[in-house]
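What follows draws every value from the coordinates through simple rules; no lab data is involved. Note that this is a predicted model, so its numbers are computed, not measured. Heads up, the Cβs are rebuilt from the backbone with ideal geometry, glycines too, and the neighbour counts pull from every protein chain shown.
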Amino acid sequence: MSPADAPALKPAGPAESGGDERLLHRSLARRLMGRPELGSVVGAAAVFLFFSIAAEPFLRASSLSTVLYASSTIGIMAVPVALLMIGGEFDLSAGVMVVSSALISSMFSYQMTANTWVGVGVSLLVTLAIGVFNGMLLTRTKLPSFIITLGTFFMLTGLNLGFTKLISGTVSTKTIADMEGFDSARAVFASHLSLGSVDIQITILWWLVLVAVATWILLRTRVGNWIFAVGGNADAARAVGVPVTKTKIGLYMGVAFAAWVSGQHLLFSYDAIQSGDGVGNEFLYIIAAAVGGCLMTGGFGSAIGAAVGAFIFGMASKGIVYAQWNPDWYKFFLGAMLLLATLLNAWVRKRAEAKA
């Protein structure tokens with residue numbers, strides 16, 4: 001029989017295919033169950049509903065703006081910390097690095113009587129160098145990132161206090177509000193936009209941009225594949241040609257860049273910086289990333305999940321105030337959310353692997 005005489009083939013209909021729609025629904029459900037941010041989205045919805053009922057002012061536009069601002073100050077750092085955790089590493093120096101960045105900008109500008117943008121530029125270079133230092137020390141020594149960055153944490157804490165006292169004679173920097181370039185720098189790092197009667201802080205825009213860029217990197221670029229690979233199994237990744245060393249150094253530089261942005265926001269919001277600030281904030285960033293679906297063992301997570309995790313803590317920190325509760329409960333909430341998120345993420349990962 002010639003090809004021309006062969007009976008034409010037609011696509012099978014729903015009845016003939018054995019229930020394609022059911023297979024499609026199951027496939028969608030599997031994809032949702034495999035998403036790292038699933039647990040954080042459910043948790044965010046629950047927290048939002050809870051405080052909407054428990055705190056009457058919570059749903060006001062001005063209150064939600066305050067919640068978003070609180071979320072952004074955590075989220076700017078939580079996003080690159082999430083990428084670092086996906087890559088299988090931690091950075092315990094992230095909190096004090098934010099303050100280090102602000103101190104460098106302030107003291108360099110003040111002592112050199114230079115345009116504040118010069119201090120901002122110097123701060124960027126030095127902060128990125130700290131990230132390179134962490135990454136290179138990690139890859140050269142093969143020590144756990146916990147040890148490396150814990151050492152950096154103490155070094156930066158001591159340098160922040162020591163240099164500030166040495167230069168200014170106190171634990172805080174001198175105000176630079178009257179220096180050239182201050183107003184334009186404030187517009188970039190610490191301004192706000194007015195939408196009607198509501199003020200939107202520019203840090204929210206920084207946060208959203210970082211989430212978009214990080215998500216694009218993870219899901220649409222070769223670098224994203226490298227990050228997941230080194231977090232899953234660095235040796236196997238190296239064996240197939242993944243530049244493990246460059247990837248990890250790049251991740252630490254990403255954390256350093258976000259620390260620079262956060263540090264400049266602190267400086268240009270308050271004009272002066274307390275050198276002892278920032279201690280303990282690194283745990284907020286790690287917890288936000290973990291709540292957002294990043295596994296502590298690496299190789300799994302998302303930037304969107306970290307943003308949702310930051311939003312949960314923003315709602316909790318301000319919701320407790322609006323509900324007129326004792327703010328000491330916030331610490332309990334942090335610990336409880338970390339434990340619950342870790343358990344939920346492990347369960348989701350196992351379900352996804354079982355159905356793969």
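Worth pointing out:
- Within the chain: Cβ-based charge dipole about Cα centre, in debye rounded to nearest 20 (Lys, Arg +1; Asp, Glu -1): 900
- Each of VAL67, TRP329, THR247 was scored by the projection of its Cα onto the charge dipole of the chain, and the greatest displacement toward the positive side belongs to THR247; charges sit on the C-beta of Lys, Arg, Asp and Glu.
- Gyration tensor (alpha-carbon) shape descriptor, the stretch 38-187, a/c threshold 1.5: oblate
- Gained length - TRP117 relative to SER269, 0.36 nm times residue gap less alpha-carbon distance: 53.2 nm
- Residue-wise HN-Hα couplings along the stretch 166-171, as the Karplus relation 6.51 cos²θ - 1.76 cosθ + 1.60 with θ = phi - 60° gives them from phi, are 5, 8, 9, x, 9, 8 Hz; Gly and Pro carry x.
- Once the Cα atoms are used to define both axes, helix 116-141 deviates from the longest principal axis of the chain by about 60 degrees.
- Cα gyration tensor, the stretch 37-355 - rounded (a/c under 1.5), prolate or oblate: oblate
- Karplus-based coupling profile of the stretch 227-239, in residue order and whole Hz: 4, 5, 5, 5, x, x, 6, 4, 5, 5, 5, 5, 5, with θ = phi - 60° in 6.51 cos²θ - 1.76 cosθ + 1.60 and x standing for Gly or Pro.
- Between 0 and 90 degrees, the angle of helix 244-270 with respect to the longest Cα principal axis of the chain falls at about 50 degrees.
- Database remark: amide H of GLU180 closer than 5 angstrom to the amide H of THR116 (H placed geometrically; neighbours at sequence offset of 5 or more, or on other chains; Pro and chain starts carry no H).
- With 0.36 nm allotted per residue and the present C-alpha distance subtracted, the LEU340-LEU161 stretch has 60.8 nm of extension available.
- Packing rank of 263-270, 137-144, 35-42, 288-295, where each peptide gets the mean count of other beta carbons within 10 Å, highest leading: 288-295, 263-270, 35-42, 137-144
- The chain - mean residue ellipticity at 222 nm from DSSP helices (-39,500 (n - 2.57) per run, n ≥ 4, rounded to 500): -24000 deg cm²/dmol
- Separation of alpha-carbon centers, the stretch 129-168 and the stretch 283-306, rounded to whole Å: 22
- On Cα atoms only, tilt of 303-322 relative to the major axis of the chain in degrees: 60
- For the stretch 270-287, backbone nitrogen atoms closer than 20 Å to the point 7 Å from ASP183 Cα along Cα-to-C-beta are found at 270-272.
- Difference of contour (0.36 nm per residue) and Cα-Cα distance, LYS246 to LYS350: 34.4 nm
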